[in-house]
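The structure appears below as structure tokens.
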Amino acid sequence: MAISASTLKLVAARAGEARRNRRIPDDVVDAVIGEGFIRHFTPAAHGGRQARPQDFFLDQITLAQADMSTAWALGIVAVHNFQIALMDPRAQDEVWGNGPDAMVSSSYNPVGAVCAAVEGGVMLSGRWGWSSGSLHCNWVLLGGVIPGEGYRTFLVPAADYRIEDTWYTMGLQGTGSNDVVIDAPVFVPDYRTHRQMDGYLGHHHQPAGYYDLPWAQVFIRVVNTAAIGAVRHAITLFRDRVGLGTTDMTKAPTDPDVLERIAQASYLVETCAKVMVRNFEEMEAANFKPAIVDRVRYRHEASVVSDRCIEAMDLLMDVAGGRSVFSGSAFQDLWHDVRMARAHVANNPTGFARNYGAVLMGADNTDLFL
């Protein structure tokens, strides 16, 4: 399902406002919801589309060509519906009781969490950062480690947490990725939690098939795919000569170095897009149960996307002209946005490369989030 031209025009027109206000405008959110983007991973039984991951990520790339912040934040919000579909049916009924377009943000890093197991659930408090799109959501998924047990994700309603305005950044300002804070411990029932090993082993509460797909394989793509659209946007700016700051108005379209850089940048990002589609097609062909060695490979291949997109943006920024150094430059904004994506832990390929190399050499996999 493609995003309509009218919605893309609105997203692009309001991108500057999103950057200034450090949040996506409400009418943009409503328009994207109207496209069915948020319900892409919602089960059909709850009124969702339950549609192919590769189609979702192609739509995310298209959104990012209009505004990377919108694609990043609403992509992350939408992908959470896949994880919720794996949880206890009682949690699903609570989240989708008012319809399939539930808005759920997240912060999976457990470093600020305080967890204490009690009868029937967990008492949870703490602070979590980088909760993209949280200002638009009425639920949040939070990571935490229960002593003696291990990692879980906790589904918490908006009434139990507050959002602290912390998002003052060099890029992706429109994502509004503020902190989520639970000051006093709140009770989270067991049925509103998701154990890490359940995600790794494919345990869930749906019929066999689509939701057998490892949850992590979906999430790891949502935090880098938007960068592909941002680089495509930058190439379009070159084509349309937007913001090029040279006194020689014939140089950019004809200079061999510029043309080669544009070709290389396009090759880098289009290769990333093709690998993403191929990987999900392979997972589908494996009845959504890929072998561990393939899951490790997919994890690594997702992690290098941000580096490839940074490489592409650097190729273009080097010849973007003098105007690109001024605040408000379209090129500078895109350059910063793409580099911000690299800060996400899922986009640091070092550990994933080592794990993949080790598995190829016969060692056991050491990553439980793949």
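The values are calculated or read from the model by the stated rules, or taken from the named source; none is laboratory data. Note that the structure is predicted; figures quoted are calculated from it, not measured. FYI the Cβ positions are ideal-geometry reconstructions off the backbone, even for glycines, and counts take in every protein chain you see.
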### Task
Examine the range 320-330 for a residue that is in contact with a Ser or Thr (Cβ under 9 Å, 6 or more places away or on another chain), crowded, with 22+ Cβ neighbours inside 10 Å and at pLDDT 95 or above, and state whether such a residue exists.
no
### Task
Check whether at least one residue in the range 286-303 is among the aliphatic types (A, V, I, L, M), loosely packed, with under 13 Cβ neighbours inside 10 Å, without any contact (Cβ under 8 Å) to a residue 12 or more places away in the chain and under 30 Å from GLY16 (Cβ atoms), and report yes or no.
no
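To keep it simple, each residue is scored yes or no on (1) closer than 24 Å to ILE84 by Cα; (2) of a type in the set (Phe, Trp, Tyr); (3) in contact with a Lys or Arg (Cβ under 6 Å, 6 or more places away or on another chain).
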{"site": "SER4", "(1), (2), (3)": "no, no, no"}
{"site": "LEU10", "(1), (2), (3)": "no, no, no"}
{"site": "GLY16", "(1), (2), (3)": "no, no, no"}
{"site": "ILE24", "(1), (2), (3)": "yes, no, no"}
{"site": "ASP27", "(1), (2), (3)": "no, no, no"}
{"site": "ILE33", "(1), (2), (3)": "yes, no, no"}
{"site": "ARG39", "(1), (2), (3)": "yes, no, yes"}
{"site": "THR42", "(1), (2), (3)": "yes, no, no"}
{"site": "HIS46", "(1), (2), (3)": "yes, no, no"}
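Per-residue answers, yes or no, for (1) over 30 Å from LEU368 (Cβ atoms); (2) in contact with a helix residue (DSSP H, G or I) (Cβ under 6 Å, 6 or more places away or on another chain):
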site	(1), (2)
ASP307	no, no
ASP314	yes, no
MET317	yes, yes
GLY321	yes, no
SER324	yes, yes
ASP333	yes, no
HIS336	yes, no
ARG342	no, yes
#### Entry: From the options GLY144, GLY126, GLY99, GLY120, residue that is in contact (Cβ under 8 Å) with a residue 40 or more places away in the chain and surrounded by 16 or more Cβ atoms within 10 Å (Cβ to Cβ)
GLY126
### Summary
All-but-one check, VAL218 against (1) assigned to a strand (DSSP E or B); (2) surrounded by 19 or more Cβ atoms within 10 Å (Cβ to Cβ), failing number (1)
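Residues that are farther than 18 Å from PRO214 by Cα, at pLDDT 95 or above and in contact with a Ser or Thr (Cβ under 8 Å, 6 or more places away or on another chain): does the range 291-306 have at least one?
For the range 291-306, residues farther than 18 Å from PRO214 by Cα, at pLDDT 95 or above and in contact with a Ser or Thr (Cβ under 8 Å, 6 or more places away or on another chain): present.
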### Query
Do we have ARG342 as in contact (Cβ under 8 Å) with a residue 24 or more places away in the chain and within 26 Å of TRP128 (Cα to Cα) here?
yes
### Message
With the condition being over 23 Å from the mean Cα position of the chain (by Cα) and more than 30 Å from GLY16 (Cβ to Cβ), I'd like the strands (runs of 3 or more DSSP E) fully within the range 37-151 carrying at least 1 qualifying residues.
### Response
113-118, 121-131, 139-146
### Task
Could you tell me whether the range 120-140 includes any residue that is in the same structural domain as ASN178 (by TED's automatic domain parsing), under 18 Å from ARG195 (Cα atoms) and of a type in the set (D, E, K, R)?
no
### Message
For the range 221-242: of the residues being in a loop (DSSP other than H, G, I, E, B) and under 22 Å from the mean Cα position of the chain (by Cα), which is nearest to VAL79 (Cα to Cα)?
### Response
VAL223
### Task
Scan the range 192-214 residue by residue and report those that are buried (at least 17 other Cβ atoms within 10 Å of the Cβ), in a helix (DSSP H, G or I) and of a type outside the set (D, E, K, R).
GLN196, GLY199, TYR200, TYR210, TYR211
#### Entry: Candidate set from the range 166-187 (those that are in a loop (DSSP other than H, G, I, E, B) and in contact with a strand residue (DSSP E or B) (Cβ under 6 Å, 6 or more places away or on another chain)); member that is farthest from ARG23 (Cα to Cα)
THR166
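Listed here are the residues, each with its yes/no results for (1) aliphatic (A, V, I, L, M); (2) under 24 Å from SER266 (Cα atoms).
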residue	(1), (2)
ASP30	no, no
GLY36	no, no
PRO43	no, no
ALA51	yes, no
GLN54	no, yes
ASP59	no, yes
TRP72	no, yes
VAL77	yes, no
